[in-house]
Amino acid sequence: MTETLERVKTYQQFIGGSFVDAADGRTAEVINPANDQVIANVPASSGEDVDRAVEAAAKAFETWKTTTPQDRSLLLLKLADLLEAKGEELGRLESANAGKPVGAAIDEMSVCVDLFRFFAGAARVMDGLAANEFLAGHTSIIRRDPIGVVASIAPWNYPLYMASWKLGPALATGNTVVLKPSARTPLTALAFAEILAAVFPPGVVNVLSGAGGEIGDALVGHPKVRMVSITGDTATGKRVAKIAADTVKRLHLELGGKAPIIVFDDADIDLAAETLRSAGYWNSGQDCTAATRVIAGPKVYDGFVSALTDQVRTIKWGDPADGDDIEMGPLIAKAQADKVQGMVDRARGSAEVVIGGERPDRPGAYYAPTIIAGPDQRSEIIQDEIFGPVVTVQQFSDEDQAIAWANDTPYGLASSVFTSDIGRAMRVAKALEFGHVWINEHFTLASETPHGGVKQSGYGKDGSKYALEDYTFIKHVMINSGA
């Protein structure tokens, strides 16, 4: 499977302002999931590399934390401009590494640009409590100060987008960062380091590449790392939390999801089906907010299943290199396709596979867009995150059952309600135990809107001014003004 070195680019990691190999010289291959071909070699970091990166970040923090919000804002704006200029190049690299349709990957770069511009502005308008005398003769001041070295661990489903979610607020508030992209999708982070090198002082941002088992635990457990921000599955989040507990680190966990979509009998069925065509299958369903389980009313259930099936039939999927009209590429790896296949096969005994449910006989990690109708509420396909192009549809009897089923999973990240009754929409939105509730919509985000969940979907917010709170700590300063 290995290509010759002449055809494969070799990257270096970024530590302390320099591009360097792994301390022991080891490398790892990076695979294109669309064709199983090796497309790059990257450093396979070890604990020694983690020490180098964290020490560089800790040293840089001593001066970076003293910069003004204006200084940090201007650098983030410069970063955004340089990223925008390289957007198409980085998007095409993301497509090759993550198996995304080319247009979608390029569009993600523009979202990253907007995130950095948003946090550049937010850096200069952080909220704080005005000075006051809560005790006679004593003046209190409330500060928000940076935490220190932040370990940012980005996932493989949105490699540079999720990294930008983490870098923006961390840098805006005066922290320094060691970024570890997924071992499966390190290329855009390593390429982005060239832009970071042109903007920030040495050590402010460091980028490592390597497997979680090799460097993840060392990074999370490092005594000089004061905060860990991770986007990943819930099992990984639990492991990170256990390791971080030994040094009582601050945690920012954006974990799994199992988003319910409640479609009431008075909903616009065509709108709901068109929305699910994108929200359920975007990025091959590899999204923690993906519209994975529809809960439909008794009068519209059959019609919705039929309408969604018609929509899914039109999705053009395959190798993103085959053309700009490809809407859905492969999953990230054959192991992920195996997981999806297993969950679908186990659901067949008690539910109907309406469309899809199969893998093509070709190289790559492909799985057909799939609909499963009528699964039981307690079944695996309803309760567990599948992270693939599979949407289930259940029929509820009344509003109370719809809400109960929606809330009845371990996750609490995203949800949506389709109805023409605004009173019902607001009532149900209040009852849903999720960090997001969309009404007659699903999947839409903006840099100004907070992203994050409850229950086993984690805690902390990405995007919005609320992210600034996660990357700062509150300091109370009291002055004896009567002395």
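The values are calculated or read from the model by the stated rules, or taken from the named source; none is laboratory data. These figures come from a predicted structure and were not determined experimentally. A quick note on method: Cβ atoms are made from the backbone with ideal geometry, for glycine too, and the neighbour counts reach across all protein chains shown. Only protein heavy atoms, including side chains, enter the accessible area calculation; ligands, DNA and RNA are left aside. Shrake-Rupley method; radii C 1.70, N 1.55, O 1.52, S 1.80 Å.
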Any chance you could look up the accessible area of HIS138 with a 1.4 Å probe, heavy atoms only, rounded to 10 Å²?
-> 60
Counting DSSP beta bridges with both partners in the stretch 363-459, what percentage is antiparallel, nearest 5?
-> 25
Quick one: order PHE434, PHE134, PHE443 from most to least accessible surface, probe 1.4 Å.
-> PHE134, PHE443, PHE434
Averaged per residue, what accessible surface does the stretch 357-455 expose to a 1.4 Å probe, in Å²?
-> 39
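Which order do peptides 420-427, 160-167 fall in by mean Cβ count within 10 Å, highest first?
Top to bottom by mean Cβ count within 10 Å: 160-167, 420-427.
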Relative contact order for the stretch 313-376, counting Cα pairs under 8 Å that sit 6 or more residues apart, in percent = 30
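Counting only C-alpha contacts under 8 Å and six or more residues apart, can you give the relative contact order of the chain as a whole percent?
18
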Kindly identify the chain as rounded, prolate or oblate by the Cα gyration tensor criterion: order the square roots of the eigenvalues as a ≥ b ≥ c, call it rounded if a/c is under 1.5, otherwise compare a/b with b/c, prolate if a/b is larger, else oblate.
-> oblate
Rank-order 186-198, 74-86 by packing density, defined as the average count of other C-beta atoms within 10 Å over each peptide's residues, highest first.
-> 186-198, 74-86
Under the Karplus relation with 6.51, -1.76 and 1.60 and θ = phi - 60°, whole-Hz ³J(HN,Hα) for the stretch 266-283, x at Gly and Pro, equal 9, 6, 7, 5, 5, 4, 4, 5, 5, 5, 5, 4, 8, 5, x, 10, 4, 6
Taking a probe of 1.4 angstrom, what is the accessible area of ARG184 in Å², to the nearest 10?
-> 100
Once amide H atoms are placed 1.01 Å from N in the peptide plane, what residues at a sequence separation of 5 or more from THR449, or on another chain, have their amide H within under 5 Å of its amide H?
-> SER464
Quick one: Karplus J couplings for the stretch 449-455, per residue in order, coefficients 6.51, -1.76, 1.60, θ = phi - 60°, nearest Hz, x for Gly and Pro?
-> 9, x, 10, x, x, 9, 6
Could you give the spread of the C-alpha atoms of the stretch 54-193 along their three principal axes, from largest to smallest, in whole angstroms?
-> 64, 29, 22
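Please calculate how many Å² of accessible area the stretch 1-60 carries per residue, with a 1.4 Å probe and no DNA, RNA or ligand atoms counted. Walk me through the intermediate numbers first.
Details: 2920 Å² over 60 residues.
Value for the stretch 1-60: 49 Å² per residue.
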How do ASP287, ASP361 stack up against each other in accessible area, from largest to smallest, with a 1.4 angstrom probe?
-> ASP361, ASP287
Determine the per residue accessible area of the stretch 233-317 with all protein chains present and a 1.4 angstrom probe, expressed in square angstrom.
-> 38
quick note, the chain, DSSP beta bridge pairs, % antiparallel (nearest 5) is 45
Could you order peptides 7-16, 110-119 by the average number of other Cβ atoms within 10 Å of their residues, highest first?
-> 110-119, 7-16
What is the helix-to-structure angle for 47-64, meaning the angle in degrees between its Cα long axis and the longest Cα principal axis of the chain, kept from 0 to 90 and rounded to the nearest 10?
-> 60
Carbon/sulfur accessible area of the stretch 160-302, % of total, 1.4 Å probe, equals 52
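Taking N as the number of residues in the stretch 114-267, what is its alpha-carbon radius of gyration divided by 2.2 N^0.38 Å?
1.25
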Any idea what diffusion coefficient the stretch 77-137 gets from Stokes-Einstein, in µm²/s, Kirkwood Rh on alpha carbon pairs, 10 °C, 1.306 mPa s?
-> 114
Among rounded, prolate and oblate, which fits the stretch 359-479 when a ≥ b ≥ c are the square roots of the eigenvalues of its C-alpha gyration tensor, a/c under 1.5 means rounded, and a/b larger than b/c means prolate?
-> oblate
Area accessible to solvent at VAL454, 1.4 Å probe radius, in Å² = 60
